[in-house]
Structures are given as C-alpha cells and as structure tokens.
Amino acid sequence: MIFRFKQAPHKVFLVSAILLTLFSLGVGNDDLDIILHDSYFVIRHSFILLAGLFIVIWGIYHFFPAMLPSPSLIALHVWGTFLPLCLTIIIPILAKAFKLGVDIYASVGAHAHAALSFVVAFIFVIAQISFLINLAKGVIKLRSKTTGFKHA
C-alpha cells in the first residue's frame, strides 16, 4: 500500500508515533547512563507521552472519519502540529545526536529566539484549535443527522 498524504494526512501521526517510540528506546537505554546526561531520560519520557498522544489523535482520525468533515482543517492541524514539532524538538536533538556542530538557536540572539518561540507556539496552538473546531463541527453535523434538527 502506497502512502498518499492528500488522501490520509493523519497517517503522519502514526508514523511519527512509531519513530518517536523507537527514538526514545535508543535515547533511554540504561547502558548509556554513564555517558549521557539525565536530560536524555526526560526526553525519552516526553517522547513516549507524545507518541501516545499521537496514537490517540490518529485513532480519532482513522476510526471516526465522519467526525472530522473539513479536509482543510485536517491539513491545518497536521501541518500546524508537525512543523513546530520539527523546528523545536526534532531538528536540534538530531543535530546534537549526530554531532553536526550546528546549534540552531545559538546563531540568533535572545530576542530573536523568544520571538521565534512565540511564533512556533502560536502556530501550534492554532493547529490544535482547528482540530477542536473540526471535531465540534463533525459532532454537530452527526447530531443533526440523527435528530433531524437543522443547524444554520
């Protein structure tokens, strides 16, 4: 089966949950306890929690597609979740893990870093609000079909 993003963008949540879980297993290895700092174990637990959340979101998209009727809001949710995630978490950790020598946030000043963090957080919050709006829209649509009540 070929993955088609336009037909099922929610599958990105499943793929990323699997990748986050595998990455957290490597980072949280007890044999690396002496070599690595304890912050890697904190990262491991946050990645596992994030992967669990992604599985729940994927399940909502996969098992209840009628509850999420708007494809544009689905795309906004998927892109608005993963672009900030990649910018703030995955890219810096991979740069340090593979010793690329690139510190993304050290090259900009403190004010630029704060502004970038605010913009990334704002995009992430808008994406989550779009998911809730789409979910509410789908629930209202399903309720009106079952009760026969028409909403404007």
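Every number in this text was worked out from the coordinates using simple rules, so none of it is lab data. The structure presented is a predicted model; accordingly, all values stated were derived computationally and were not measured. Backbone-built Cβ (ideal geometry, glycine too); neighbour counts: all protein chains shown.
Cβ-Cβ distance of PHE122 and LEU25, R₀ of 30 Å, FRET efficiency by 1/(1 + (r/R0)^6): the value works out to about 0.40. Couplings for the stretch 78-83, taken from phi via the Karplus curve 6.51 cos²θ - 1.76 cosθ + 1.60 with θ = phi - 60°, read 5, 5, x, 8, 8, 5 Hz in order; Gly and Pro are left as x. Applied to the stretch 61-71, the Karplus parametrisation 6.51 cos²θ - 1.76 cosθ + 1.60 on θ = phi - 60° returns per-residue 3J(HN,Hα) values of 5, 7, 8, 10, x, 6, 7, 10, x, 9, x Hz, with x for Gly and Pro.
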